[in-house]
1. Out of curiosity, is ALA37 surrounded by 13 or more Cβ atoms within 10 Å (Cβ to Cβ), more than 18 Å from GLU153 (Cβ to Cβ) and touching a Pro at 6+ places or on another chain (Cβ under 6 Å)?
2. Could you look through the range 102-131, keep only residues that are polar (S, T, N, Q) and loosely packed, with under 14 Cβ neighbours inside 10 Å, and pick out the one that is modelled with the lowest pLDDT?
3. Scan the range 87-122 for residues that are within 14 Å of the chain's Cα centre (by Cα), assigned to a strand (DSSP E or B) and of a type in the set (A, V, I, L, M, F, W, C) and jot them down.
4. Quick check on SER52: is it among the polar types (S, T, N, Q) and assigned to a loop (DSSP other than H, G, I, E, B)?
5. Suppose the filter is buried (at least 18 other Cβ atoms within 10 Å of the Cβ) and either in the same structural domain as ASP173 (by TED's automatic domain parsing) or of a type in the set (S, T, N, Q) (or both); does GLY84 pass it?
6. Restricting the search to the range 89-101, which residues are surrounded by fewer than 14 Cβ atoms within 10 Å (Cβ to Cβ) and touching a residue at least 40 places away in the same chain (Cβ under 8 Å)?
7. If you scan the range 132-171, which residues turn out to be in a loop (DSSP other than H, G, I, E, B) and either surrounded by fewer than 16 Cβ atoms within 10 Å (Cβ to Cβ) or not assigned by TED's automatic domain parsing to the domain that holds ILE103 (or both)?
8. Could you identify the single residue in ILE138, ILE114 that is among the β-branched types (Val, Ile, Thr) and under 23 Å from ALA37 (Cβ atoms)?
Amino acid sequence: MKRFAIVDTTTNKIVNVINYETSPTNPPPGFEAGFIAVQHDQVSTDWTWNGSDVVAPVPSVATLTKDQLKAWAASVRYLRETGGFTSPTFGPLLSDRDTRALIAQAIQSIDLGIVEQPINWKGASGFVALDRAALLAISKETAAFVQSLFDKEAVIDDQIENGTITVVQQIIDALAA
């Protein structure tokens, strides 16, 4: 089961959080036009929609410790890391940890002769036949995306430690860049 935010795109609010076995259609079952389902592992109804992604609420605490800021940065990095991205080559791609493991397993299974290529892979728009080269290209783009977020978080942690970053908005801006 995967966790999905049900987003009212007219108000940019999360109106519900529902677990689905597979990605639902948009609008999701039981909802009308103007509602979309966005997969995120930690989303809740106090989050918002910014037009392209769900966004965690900014903590209301006025002053956070360095450890709290680092924990918040890690949380936001994780949400971005597992929330998918748009590949210039393949379009929208899932980047949750289960999907990344399945891609690696598919490449390994081809290499070991367990399965023949191309394999049927279910993407956001349905099934597509992928050979090893396509799976490897997707894996490389996904790995680069994920690594870039860890690299940003490392810089953010250093900036928190040296006092350059002192508020949550600076973390949001740094991870969005």
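1. Here the answer is yes, as ALA37 does meet what is asked.
2. In this case the residue turns out to be SER125.
3. LEU93
4. Numbers: among the polar types (S, T, N, Q): yes; assigned to a loop (DSSP other than H, G, I, E, B): yes.
Yes.
5. When the stated conditions are applied, GLY84 passes them.
6. Within the range 89-101, THR89 is the sole residue that qualifies.
7. Initial filter on the range 132-171 (in a loop (DSSP other than H, G, I, E, B)): 162-167.
Passing the criteria: ASN162, GLY163, THR164, THR166, VAL167.
8. None of the others qualify; the one that does is ILE138.
The values are calculated or read from the model by the stated rules, or taken from the named source; none is laboratory data. As the structure is a computational prediction, the values presented were derived from the model and not from experiment. Neighbour counts are summed over all protein chains in view; Cβ atoms, including those assigned to glycine, are modelled from backbone coordinates with ideal geometry.
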